[in-house]
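Visitor: Handing you this structure, nothing more for now.
The values are calculated or read from the model by the stated rules, or taken from the named source; none is laboratory data. Just so you know, these numbers come straight off a predicted model, no measurement behind them. Here the Cβ is made from the backbone with ideal geometry for all residues, glycine too, and neighbour counts use every protein chain on show. Heads up: the accessible areas ignore ligands, DNA and RNA and are worked out on the full protein's heavy atoms, side chains in. Shrake-Rupley method; radii C 1.70, N 1.55, O 1.52, S 1.80 Å.
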Amino acid sequence: MSDRKPLIVGNWKMNANHLEAIQMIQKLSYRLEPSDYDAVDVVVAPPFTSLRSVQVVIEQDRIPIALGAQDVYWVDEGAYTGEISAPMLAKLNVAHVIVGHSERRQHFGESDEMVKLKAKAALGHDLFPIVCVGETLEQREAGDAESVVRGQLRAGLTGLALGEGSLSVAYEPVWAIGTGRNAMPDDAGLMGGLVREELRSIFDSETAERVRVLYGGSVNPVNIKDFMAKKDIDGALVGGASLDPDKFAAIVRYRL
Ligand code: PEP
């Protein structure tokens, strides 16, 4: 048994205006018990425009759910229209930042180099990056899944100074995201092991043991248990199902 505490993150993507977000966080909190927070670190990542509203609710109502952001820019301030910086997120008590999600890689041309700059900026402001990696269907069918994921990790993480900062890696096969077609838990478990092995070579054994490796891709209240049973999977990055407080709470409570 590892002593890594499970981490379950809801990525709300471009859903929920600030009023809807308030309702979602309140509903989620009604469905979770103190024992759930003892067992699992729970994070929600609303769109930027809803962060402040969710922050106010979780702080006023003392809800032990941490705030996540879906992206970050690597410069602290300046003439970068439309971007949001790490110190701005830190000021909202954002704890985690998703970096390199496949939708950003696919639709916004995010490269491994940009992923590294973003992860570095996050760490520099005591935000925990959740770095996403994963192969496309074509790459898996060509037998390249492992080399693609190793390459993304090496290019995105080599040279980062983790210090006291904590990093998570989300293994998200692109073909499983938002498709309802999840990876087989055995395959995800193997890829989790591969991620940890690569982290060992990029950093060191101690760091590799500490980093939480998440699985993402059509996680639901039924399949979560099978993913969490894998020794190298320490949590989940959940998209679609995190928009429904009943479903997301059931995912968080997978152990019951
Ligand atoms: C995600 O957004 O990272 C994700 C895994 O989405 P979904 O759960 O909808 O597949």
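Visitor: Return the sequence-ordered ³J(HN,Hα) values of the stretch 211-219 in whole Hz as given by the Karplus equation 6.51 cos²θ - 1.76 cosθ + 1.60 applied to θ = phi - 60°, using x for Gly and Pro.
Guide: 5, 8, 9, 9, 9, x, x, 6, 6
Visitor: While we're here: Say we join alpha carbon atoms closer than 10 Å with springs in a Gaussian network model of the chain; which of L123, L160, L67 then has the biggest fluctuation?
Guide: For the chain, modelled as a Gaussian network with Cα springs under 10 Å, the answer is L160.
Visitor: Please return the longest range in the chain lying between exposed loop sites, taking GluC sites (Glu not before Pro), DSSP loop only, at most 12 other beta-carbon atoms within 10 Å, and leaving the sites out. If you can, show how the numbers build up before the last one.
Guide: Numbers: sites that count: E77, E164.
Longest site-free region, per DSSP loop and neighbour criteria: 165-256.
Visitor: At a 1.4 Å probe, what is the % contribution of carbon and sulfur to the accessible area of the stretch 163-256?
Guide: Details: 1930 of 3830 Å².
C and S atoms contribute 50 percent here.
Visitor: Sticking with this structure for a sec: Along Cα→Cβ, 7 Å out, is where each label goes; now give me the distance between the ones at T207 and S2 in nm to one decimal.
Guide: Distance between the two pseudo-spin positions: 1.6 nm.
Visitor: Once you wrap a convex hull around the alpha carbon atoms of the stretch 177-254, what is its projected area averaged over all directions, in nm²? Before the final figure, lay out each step's value.
Guide: Numbers: hull surface 20.1 nm².
Over every viewing direction, the Cα hull of the stretch 177-254 projects on average to 5.0 nm².
Visitor: Which of the chymotrypsin sites (Phe, Trp or Tyr not before Pro) found in the stretch 31-103 are loop residues per DSSP with 13 or fewer other Cβ atoms within 10 Å of their Cβ? Working shown, then result.
Guide: Values: sites: Y37, F48, Y73, W74, Y80; in loops: W74, Y80.
Qualifying residues, ordered by number: Y80.
Visitor: Determine the share of the stretch 1-109's accessible area contributed by carbon and sulfur atoms, expressed in whole percent, with a 1.4 angstrom probe. The partial results should precede the final answer.
Guide: Working: 2910 of 5670 Å².
Exposed carbon and sulfur together represent 51 percent of the surface.
Visitor: Let me ask another. Rank these by accessible area, largest first, 1.4 Å probe: S35, S218.
Guide: Details: S35 60, S218 25 Å².
Correct descending sequence by accessible area is S35, S218.
Visitor: As an exercise, take the mean of 1/r over every pair of distinct alpha carbons in the stretch 1-151, invert it, and state the Kirkwood radius in angstroms. Walk me through the intermediate numbers first.
Guide: Details: mean 1/r = 0.0601 Å⁻¹.
By the Kirkwood definition, the hydrodynamic radius is 16.6 Å.
Visitor: Separation of the stretch 131-158 and the stretch 47-69 by C-alpha centroid, Å?
Guide: Between the Cα centres of the stretch 131-158 and the stretch 47-69 lies a distance of 32 Å.
Visitor: Next question. Just need the relative contact order of the stretch 166-255 here, percent rounded to a whole number, with Cα pairs under 8 Å and 6+ apart. Mind dumping the intermediate values first?
Guide: Numbers: 143 pairs, mean separation 29.9, N = 90.
Value for the stretch 166-255: 33 percent.
Visitor: Right, here's the next one. Under unit Cβ charges (Lys, Arg +1; Asp, Glu -1), what dipole magnitude, rounded to 20 debye, does the chain have relative to its Cα centre?
Guide: Working: 27 positive and 36 negative charges, 81 e Å.
Computed about the Cα centre, the dipole is about 400 debye.
Visitor: Note down the relative contact order for the stretch 1-124 as a percent, whole number, built from C-alpha pairs under 8 angstrom at least six residues apart. Walk me through the numbers on the way to the answer.
Guide: Working: 166 pairs, mean separation 27.5, N = 124.
Worked out over the stretch 1-124, it gives 22 percent.
Visitor: Something else about it: Between H18 and D246, what FRET efficiency follows from the Cβ-Cβ distance if R0 is 22 Å, with the result rounded to 0.05? The partial results should precede the final answer.
Guide: Values: r = 22 Å, r/R0 = 0.98.
With a Förster radius of 22 Å, E is 0.55.
Visitor: For the stretch 118-238, compute Rh as the Kirkwood radius over C-alpha pairs and then the Stokes-Einstein diffusion coefficient at 20 °C and 1.002 mPa s; write the answer in µm²/s, rounded to an integer.
Guide: Numbers: Rh = 14.4 Å.
Value of D from the Cα-based Kirkwood radius: 149 µm²/s.
Visitor: Let me ask something else about it. Relative contact order of the chain, please, whole-number percent, based on alpha carbon pairs below 8 angstrom and at least 6 residues apart. Before the final figure, lay out the partial values.
Guide: Details: 494 pairs, mean separation 52.9, N = 256.
21 percent.
Visitor: Provide Rg over Rh for the chain; use the alpha carbon set for both Rg and the Kirkwood Rh (inverse mean inverse pair distance). Each step should come with its number before you reach the end.
Guide: On the way: Rg = 16.9 Å, Rh = 18.1 Å.
Dividing the radius of gyration by the Kirkwood radius yields 0.93.
Visitor: Okay, next question. In square angstrom, what is the accessible area per residue of the chain with a 1.4 angstrom probe?
Guide: On the way: 11800 Å² over 256 residues.
Value returned for the chain: 46 Å² of accessible area per residue.
Visitor: According to the Cα gyration tensor, what semi-axes, each the square root of 5 times an eigenvalue, does the equivalent ellipsoid of the stretch 183-227 have, listed from largest to smallest in whole Å? Spell out each step's value before the answer.
Guide: Numbers: eigenvalues 112, 20, 10 Å².
Working through the eigenvalues yields semi-axes of 24, 10, 7 Å.
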